[in-house]
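Asker: Got a structure for you, written out below as structure tokens; questions coming shortly.
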Amino acid sequence: MAMQLDQVVPFGRSLDEYQAMFSLSPDDLGKKIIGVADGPASFNAEMYAQGRHVVSADPLYAFRAAEIEQRFYTVVDGIMRQINETPDDWVWTFHHSPEQLRGRRVQALTHFLEDYEGGKTGGRYVIGELPRLNFPDERFQLALCSHFLFLYSDHFSYEFHRAALREMLRIAREVRVFPLLTLALKPSPYLMPLLEDLACDGYHHEIRTVPYELQRGGNQMLCIKRVGPPVAAGYRPSEQCSREPCRQSRLV
Ligand SMILES: C[S@@+](CC[C@H](N)C(=O)[O-])C[C@H]1O[C@@H](n2cnc3c(N)ncnc32)[C@H](O)[C@@H]1O
């Protein structure tokens, strides 16, 4: 389904935020990385400036730079007003104030826009929409997804989340997702049943506490890895798993 720009909050984060959210080590930064739902984050641009090649996939990249920029400035003040009206919902340790947060979002957008057209030509910004991504199996070592899955649990179904995670695990050997809260600051109701399903599929997971918290309580990152050989195309292991949690979660 074609994306409407007015459905998107084109807020993007920076490299240091990605490093904190995803616990990225120097070794991780050297991996073949895809940022799924990267939007107007400056992660890709900043990595490129360091001589690294990240691929970002997002339906937003169907739009031109000027359209993305206009959308950002249409919504930014309304979002900042909502943040100011809900002071108890936010933690000001990484970002020290709403004003600094706004400044950093503008900085990330500016950096992204400067890199965008050249990065598109170079194949670093690719139009792509979960739950299907047009990459071969195991094209990447690490897939990152920030502020999309789990956060929008009220907008996207359980089945969407499961298909999206499986797709990322098809194209990358390891997947990391942050945060695990919804927009309402509640743990996503999908998380635990999804972990049961993925365990049946043969994936290992770990939930790590990370040094990034803006939404109050949102300082946990999910890391999922495949162990063993790739899953054969078309094979749906959890449909054959007889463990009770798997059978129950298939009913969700
Ligand atoms: C809040 S932004 C997060 C941007 C970036 N990951 C960050 O944290 O700075 C959410 C992004 O999800 C993207 N998005 C929406 N639907 C998507 C889908 N089906 N597949 C992939 N990305 C999607 C939007 O275009 C938007 O750029």
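Asker: Among Met168, Met221, what is the fewest-to-most ranking by other Cβ atoms within 10 Å?
Answerer: Met221, Met168
Asker: Continuing with this model, one more query. Starting with the fewest neighbours, write out Val177, Val106, Val9, Val55 ranked by other beta-carbon atoms found within 10 Å of each beta-carbon.
Answerer: Val106, Val9, Val55, Val177
Asker: For a bin width of 5 Å, list the pair-distance distribution of the range 31-154 built from all Cα-Cα distances, rounded to whole %.
Answerer: Going out from 0 Å in 5 Å bins, the range 31-154 shows 2, 10, 18, 21, 20, 15, 9, 4, 1, 0 percent.
Asker: About the Cα centre of the range 78-135, how large is the charge dipole given +1 on each Lys and Arg Cβ and -1 on each Asp and Glu Cβ? Please answer in debye to the nearest 20.
Answerer: 180
Asker: Using only helices, what value at 222 nm comes out for the chain when you add -39,500 (n - 2.57) per DSSP H run of length 4 or more and divide by the total residues, to the nearest 500 deg cm²/dmol?
Answerer: Helix contribution divided over all residues of the chain: -11500 deg cm²/dmol.
Asker: Let me ask another. Could you list the residues of the range 118-162 with an amide nitrogen less than 19 Å from a label point located 7 Å from the Cα of Val75 in the Cα-to-C-beta direction?
Answerer: 126-131, 145-157
Asker: Got the relative contact order for the chain handy, in percent, Cα pairs under 8 Å and 6 or more residues apart?
Answerer: 21
Asker: Same structure, new question: What ranking do Cys200, Cys223 get, fewest neighbouring Cβ atoms within 10 angstrom at the top?
Answerer: Cys223, Cys200
Asker: Once label points are set 7 Å from the Cα along Cα→Cβ at both Leu29 and Asp89, what is their separation, rounded to one decimal in nm?
Answerer: Result for the modelled spin labels: 3.3 nm.
Asker: Let me make sure I get this right: for the range 1-100, a, b and c are the square roots of the gyration tensor eigenvalues over alpha carbons, sorted descending. Under 1.5 in a/c it's rounded, otherwise prolate if a/b > b/c, else oblate. Which is it?
Answerer: Verdict is oblate for the range 1-100.
Asker: Set the Förster radius R0 to 22 Å, insert the Cβ-Cβ distance between Leu183 and Val106 as r into 1/(1 + (r/R0)^6), and round the FRET efficiency to 0.05.
Answerer: FRET efficiency, Leu183 to Val106: 0.50.
Asker: Now, a different point. Provide the convex hull volume over Cα atoms per residue for the chain, in Å³.
Answerer: Per residue, the Cα convex hull of the chain comes to 126 Å³.
Asker: Continuing with the same structure: Roughly how many debye, to the nearest 20, is the charge dipole of the range 157-202 about its Cα centre, given +1 on each Lys and Arg Cβ, -1 on each Asp and Glu Cβ, and no other charges?
Answerer: 160
Read-outs: derived from the displayed coordinates by stated rules, not from any lab. In this text the structure is predicted, and so the values were computed from the model without any measurement. All Cβ positions, glycine included, derive from the backbone under ideal geometry; neighbour counts span all protein chains shown.
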